[in-house]
Every structure is written in C-alpha cells, then in structure tokens.
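These notes concern the structure reproduced below.
The values are calculated or read from the model by the stated rules, or taken from the named source; none is laboratory data. Fair warning: this is a prediction, and the values are worked out from it, not measured in the lab. Cβ placement follows ideal geometry from the backbone for every residue including glycine, while neighbour counts extend to all protein chains displayed. With ligands, DNA and RNA removed, areas are computed over all heavy atoms of the protein, side chains included. Shrake-Rupley method; radii C 1.70, N 1.55, O 1.52, S 1.80 Å.
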Amino acid sequence: MSARRGPLWVVVPAYNEESGMAATLTALASQTDTDFTLAVVDNASTDATAALVRRFAGTAPFPVHVVREEERGTGAAVDTGFRYAIARGAALLVRTDADCLPAADWIAAARAEFGRGTELACGRSVPRRDERPSLAERYLLPGVVRATALYGRCRSAHRHPRYRAPYVLCHGHNIAVTAELYVRCGGTPRTPLEGPPEDVALLNRAREHSDRIARAEDMVVYASLRRLRAWGARRTLLWCWDRRYRPADLKEVHVR
C-alpha cells in the first residue's frame, strides 16, 4: 500500500485542557472525512483532560487513544504521539492543538496534499471566530505573521545548501507529515515549551530530507487568541520569533 493511502492518525498534545478541549474534539468529530484515528497526548495534566477525552471516545466516530507523556513540553508530547501512531501502523500523520478548531474539511485537505505527493504540509492558521476577534486580530496579526515568514525565508540560517526545499510559514497546530519522512528526518525535537520552537525545528529537519514540502492554504485551523490577549501583540510575536520573549515565571508559558 502507498504511504499516501495508508492509515491516517491525528495527534493532539494537551496540557490541562479540561475546560476547553470539548470544542476541539467536536470539531474533529464534525470532519467531512472521519476515516482516521485520534491520539490525544496528555502531557502530565493535573486536571481531568484525560477523563474528558475518554468520555468523548465512547461516542466518537473514530478510534480514540489517550497517551500519557510525563516529560513536559509540546515537542515531547508531539513526538510521543507521532511515534505511538507510527508503531500502530500510521502512514499519515496530522497534528493540531487542544485549543484549536480544525475546519470541517481539514482532514480531507490534508489527505489531498498527501495524494499530490506532499510529504510535509504546513497549513493555514486563522483566529477562532467564537473568540470574537477584533479587526486587528483578524487581519493585522495574520499579515504580520506572514511578513515574518518572508523574513524567515531570507534568513541565512534557513537558506543553507543542505536544505532541499524552500522555507515555508509553519504553524505547529496545523501540520501534516508522512510517517516515513517523520522517521527519516528524526522527528520533532523534544524541547521544553520555552525552548526553540519545535514546529520550525521539525520543518527544517524535514527540509534536509525532502523536496516535497508545501504550504497548504486549503488546510485551515482556527487558532485560539488566548496567548495574544494574555501577553499582547509584541510579546506574542517575539515569543513566536525564536522565543525572543520569555516570561520571567516559566509557568506563564502555559496560557489558559
């Protein structure tokens, strides 16, 4: 069987998301294509996140696994989830986060990317509509993010000859990758949340091993504005830019 036609798994890292994750699970259950398995990685939560997911599993239109990862950090949680899925036969891997709402055709769009031969697809991030984004949050912030991505393409560190594909704008909460490329490139680095961005690191690792990397505008995820509203635009952008802002109390990186 072609890797692009094999079993698809969705991986969602979660830390203390009991109060808000039901919306994410509902969005996944509402996909036009539900031919996938869901793995939620409970990243050492101290609330009832895992219990919430297990209750959801009873009525979900797809198999649901809850995986426990004690090592804190999105990188560790994502790597554990992807490798757990691969060990159980996953050929296609898609990730979002526990405060995000994938569009109804998100899985279908990811599968279409794989069908075109893409090995790593980086989807589009849009502010969550249910959080009532302001005009600035809806239009200005995404524009600034895209501008920083253009800067990323020009950075010498991202233009080394070892890279086989151009740098593209990448959001950790909206990535699709083949299991074969994930293993081949070494996967997501298990960095702490306050460490280097694990999504950019995975992208750059993949770029060393594949020229089939694409920006997938049809893969849409509605992302939460809670970090932006807690920290403000300047600190949020500096955080996303190689963690050039870090809160004095590292507990604050877990915005809830």
Answer residue from the stretch 231-241, given it is out of contact with any Leu (no Cβ under 7 Å at 6 or more places or on another chain) and assigned to a helix (DSSP H, G or I) and is surrounded by the fewest Cβ atoms within 10 Å (Cβ to Cβ) among those
ARG234
Considering only the stretch 205-230, state which residues are out of contact with any Phe, Trp or Tyr (no Cβ under 7 Å at 6 or more places or on another chain) and open to solvent by less than 40 Å² (accessible area, probe 1.4 Å).
ALA206, SER210, ILE213, ALA214, ALA216, ALA223, SER224, LEU225, LEU228
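Only residues that are part of a helix (DSSP H, G or I) and either small (Gly, Ala, Ser) or open to solvent by less than 30 Å² (accessible area, probe 1.4 Å) (or both): list them for the stretch 81-110, please.
In the first step, residues of the stretch 81-110 are kept if they are part of a helix (DSSP H, G or I); the result is 81-87, 106-110.
Answer for the stretch 81-110, where residues must be part of a helix (DSSP H, G or I) and either small (Gly, Ala, Ser) or open to solvent by less than 30 Å² (accessible area, probe 1.4 Å) (or both): GLY81, PHE82, ALA85, ALA87, TRP106, ILE107, ALA108, ALA109, ALA110.
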Do you know which residues across the stretch 53-80 are among the aliphatic types (A, V, I, L, M), assigned to a helix (DSSP H, G or I) and surrounded by fewer than 21 Cβ atoms within 10 Å (Cβ to Cβ)?
ALA57
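Residue under question is ASN16, and the condition is that it be of a type outside the set (A, V, I, L, M, F, W, C) and free of Cβ contacts under 8 Å to residues at least 40 places away in the same chain; does it hold?
no
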In the stretch 207-230, which residue that is assigned to a helix (DSSP H, G or I), of a type in the set (Lys, Arg) and touching a residue at least 12 places away in the same chain (Cβ under 8 Å) is farthest from ALA27 (Cα to Cα)?
ARG207
Are any residues in the stretch 29-44 out of contact with any strand residue (DSSP E or B) (no Cβ under 6 Å at 6 or more places or on another chain) and open to solvent by less than 50 Å² (accessible area, probe 1.4 Å), and if so, which ones?
ALA29, GLN31, ASP33, THR34, ALA44
